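First comes the structure, then the notes that go with it.
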Amino acid sequence: VQLQAYGGGLVQAGGSLRLSCAASGRTGSRYSMGWFRQAPGKEREFVATISGGGDSTYYADSVKGRFTISRDNAKNTVYLQMNSLNPDDTAVYYCASTNYQRATTSNVRYYNYWGQGTLVTVSS
């Protein structure tokens, strides 16, 4: 399974970005996926997750109401729409996949496959 995250960049506070994560190497099934982020000097933290069918989502409190996770299974792609960005959102964002199709989890231990990360920088 290969995951490629892209869409990061530099944005001013209050702006928006949409991250994408393209999955390959595993077809015929839909697996729960998530986004995590890691800021400089900090541990990796959970951001959002979505079930394989897209009917269940879960967000970290810090992004709830500002970020939206979605997926297009026909394109094997998961998205993270980020609105009202602030400097605290600056981090490398990683997409990841589980081996579960329905369950959603914020626990990093259940994510078996990881993308390479894309940098999001929010200027004040």
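Just so it is clear, none of the values below were taken in a lab; they were calculated from the coordinates. Source: prediction; values computed, not measured. Cβ: placed from backbone, ideal geometry, glycine included. Neighbour counts: every protein chain shown.
Here are the numbers for the structure shown:
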read-out	value
Distance in nm between pseudo-label sites at Asn112 and Ser70 (7 Å out along the Cβ direction from Cα)	2.9 nm
Where trypsin sites (Lys or Arg not before Pro) fall in DSSP loop in region 1-73, at most 15 other Cβ within 10 Å	Arg26, Lys42, Lys64, Arg66
Relative contact order [Cα under 8 Å, 6+ residues apart], the chain, whole percent	37 percent
Principal axis dimensions, largest first and in whole angstrom, of the chain by Cα	43, 25, 24
Dipole magnitude (debye, nearest 20) for region 4-61, charges at Cβ of Lys, Arg, Asp, Glu	200 debye
Point-to-point label distance, Ser56-Tyr100, nm (Cα→Cβ direction, 7 Å offset)	0.7 nm
Choice from Ala74, Ala103, Ala48 showing the highest fluctuation, given a GNM over the chain with Cα pairs closer than 10 Å	Ala74
FRET E, pair Val1, Ser124, Förster distance 41 Å, beta-carbon r, rounded to 0.05	0.65
Candidates Gly65, Gly52, Gly25: whichever shows maximal mean-square fluctuation once the chain is modelled as a Gaussian network with Cα springs under 10 Å	Gly25
Residue of Gln12, Gln38, Gln101 that the Gaussian network model of the chain assigns the largest fluctuation, springs spanning Cα pairs under 10 Å	Gln12
The chain - charge dipole about Cα centre, Lys and Arg +1 at Cβ, Asp and Glu -1, debye rounded to 20	280 debye
